[in-house]
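Visitor: My questions will all concern the structure given below.
Derivation of every value follows stated rules applied to the coordinates shown; laboratory data play no part. Just so you know, these numbers come straight off a predicted model, no measurement behind them. No Cβ is skipped: glycine too gets one built from the backbone with ideal geometry, and neighbour counts run over all protein chains shown.
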């Protein structure tokens, strides 16, 4: 029951409304607000599907490169450019990035396109899980990196590409960062864990949250990622296959987490960090906010992450 209350509250904070029409109206209103603040909308065709992104560029050259940002489960890309108080740190991060010379691309997830191993629809979230079927989001991210950004990038701009994401968007940022090794300069997961060792179960009976259905379970311990020590294990024999190494030295990563995160336990971030290092990725050192109290709000993007993450990207 504690888990259900956690998920219901986070859903209310991040995205939910009582009717589909109300959700659609709120979505359109926030997108309009982003456009009024200088963001541009772009549709990208991936196969037979149109995917949506918002982007904003600094004046002149992109001196620092490009940041791709991924929202959390049940959310939307507009939460990095418009929204209420609880997502204000995300909006401030994106605006600060543009002011400091980064172009920022906000990618939107699909809705009820991603499925779990049993074919159940997972709501609105990025497809970070490792399954036998074709991944929904890696082709989209790949096209943005290899086609969209180069076409929009001014001459003499930095060609560095960075990626970050919150919650399941953070899981997806780690998945993409390890998949597109030579194309992503560095990546940062926020309130996230190991995509190769986490199972997504989109059973609607396991959670009352409708916008991002089901639960996430660690493959080693069988525990929900909300539980204390959920991902702590002496070995990781149940990992899904990681991409084979293609370079002598992999890209750099930095993980951001709150010790009091009640949605993704700190042990899950620590597991991801350990495995990334084992696979040759360079660790810049996790940024952890200390707290003795576990709260749902500690799962959200925190103000303290912003300068640390931008400085991490700039020094690459």
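Visitor: Could you tell me whether the stretch 224-316 comes out rounded, prolate or oblate from its Cα gyration tensor? Rule is a ≥ b ≥ c as square roots of the eigenvalues, rounded for a/c under 1.5, then prolate if a/b exceeds b/c, otherwise oblate.
Guide: In terms of gyration-tensor shape, oblate.
Visitor: If you don't mind, another one. Suppose only helical runs count, i.e. DSSP H with n ≥ 4. What mean residue ellipticity at 222 nm does that imply for the chain under -39500 (n - 2.57) per run, divided by all residues and rounded to the nearest 500 deg cm²/dmol? List each step's numbers first, then the result.
Guide: Values: 8 runs with 89 residues, N = 316.
It comes out at -8500 deg cm²/dmol, rounded to the nearest 500.
Visitor: Further question: GNM on the chain, C-alpha springs below 10 Å: top fluctuator among 83, 38, 177?
Guide: Evaluated over the chain, the most mobile residue of the options is 38.
Visitor: Further question on the same structure: Counting only C-alpha contacts under 8 Å and six or more residues apart, can you give the relative contact order of the stretch 162-316 as a whole percent? Can you show the working numbers first?
Guide: Working: 301 pairs, mean separation 36.5, N = 155.
Relative contact order, the stretch 162-316: 24 percent.
Visitor: Please work out the ratio of the alpha-carbon Rg of the stretch 30-169 to 2.2 N^0.38 Å and round it to two decimals. Walk me through the numbers on the way to the answer.
Guide: On the way: Rg = 15.0 Å, N = 140, 2.2 N^0.38 = 14.4 Å.
This ratio for the stretch 30-169 stands at 1.04.
Visitor: Name the most mobile residue of 160, 240, 146, meaning the one with the largest mean-square fluctuation, in a Gaussian network model of the chain with Cα contacts below 10 Å.
Guide: Comparing 160, 240, 146 in a Gaussian network model of the chain, the most mobile one is 146.
Visitor: Which residue, 271, 63, 118, tops the fluctuation ranking in a GNM of the chain built on C-alpha contacts under 10 Å?
Guide: 118
Visitor: Let me ask something additional. How do 202, 231 line up, fewest other C-beta atoms within 10 Å first? Write down the numbers at each step before the final one.
Guide: Numbers: 202 23, 231 27.
Ranking 202, 231 by Cβ neighbours within 10 Å, fewest first, gives 202, 231.
Visitor: For the chain, evaluate the Debye formula with one uniform point scatterer on each Cα (no solvent term) and list log10 I(q)/I(0) at q = 0.12 Å⁻¹, rounded to two decimals.
Guide: For the chain, the Cα-only Debye profile gives -0.74.
Visitor: What FRET efficiency would be calculated for the residue pair residue 156, residue 85, taking the C-beta separation as r and a Förster radius of 35 Å, to the nearest 0.05? Mind showing how you got there, number by number?
Guide: Values: r = 39 Å, r/R0 = 1.12.
Once the sixth-power term is evaluated, E becomes 0.35.
Visitor: At 0.36 nm per residue, minus the direct Cα-Cα distance, what do residue 96 and residue 117 gain on full extension? Give it in nm, one decimal, please.
Guide: 3.7 nm
Visitor: Mind sorting 264, 215, 44 by how few other Cβ atoms lie within 10 Å of their own Cβ, fewest first? Please list the in-between numbers first.
Guide: Working: 264 28, 215 18, 44 15.
Exposure proxy ranking, most exposed first: 44, 215, 264.
Visitor: On a full-extension model of 0.36 nm per residue, what is the gain between residue 282 and residue 307, subtracting their alpha-carbon distance, rounded to one decimal in nm? If you can, show how the numbers build up before the last one.
Guide: Details: separation 25, 0.36 × 25 = 9.00 nm, distance 2.02 nm.
Gain on stretching residue 282 to residue 307: 7.0 nm.
Visitor: What FRET efficiency would be calculated for the residue pair residue 28, residue 289, taking the C-beta separation as r and a Förster radius of 35 Å, to the nearest 0.05? Present the calculation step by step, with values, prior to reporting the outcome.
Guide: Working: r = 34 Å, r/R0 = 0.97.
Result of the calculation: an efficiency of 0.55.
Visitor: What list do you get for 282, 175 if you sort them by fewest beta carbons within 10 Å?
Guide: Working: 282 14, 175 29.
So the ranking, lowest neighbour count to highest, is 282, 175.
Visitor: To the nearest 0.05, how large is the calculated FRET efficiency for residue 35 and residue 61 if R₀ is 25 Å and r is the Cβ-Cβ distance? Working shown, then result.
Guide: On the way: r = 24 Å, r/R0 = 0.94.
The value I calculate is 0.60.
Visitor: At 0.36 nm per residue, minus the direct Cα-Cα distance, what do residue 146 and residue 232 gain on full extension? Give it in nm, one decimal, please.
Guide: Numbers: separation 86, 0.36 × 86 = 30.96 nm, distance 3.66 nm.
Full extension from residue 146 to residue 232 adds 27.3 nm.
Visitor: Does the stretch 140-282 come out rounded, prolate or oblate by the C-alpha gyration tensor, with a ≥ b ≥ c the root eigenvalues, rounded set by a/c under 1.5 and, if not, prolate when a/b is larger than b/c and oblate if not? Write down the numbers at each step before the final one.
Guide: Numbers: a/c = 2.15, a/b = 1.56, b/c = 1.37.
Taking the square roots of the gyration eigenvalues as a ≥ b ≥ c, the stretch 140-282 is prolate.
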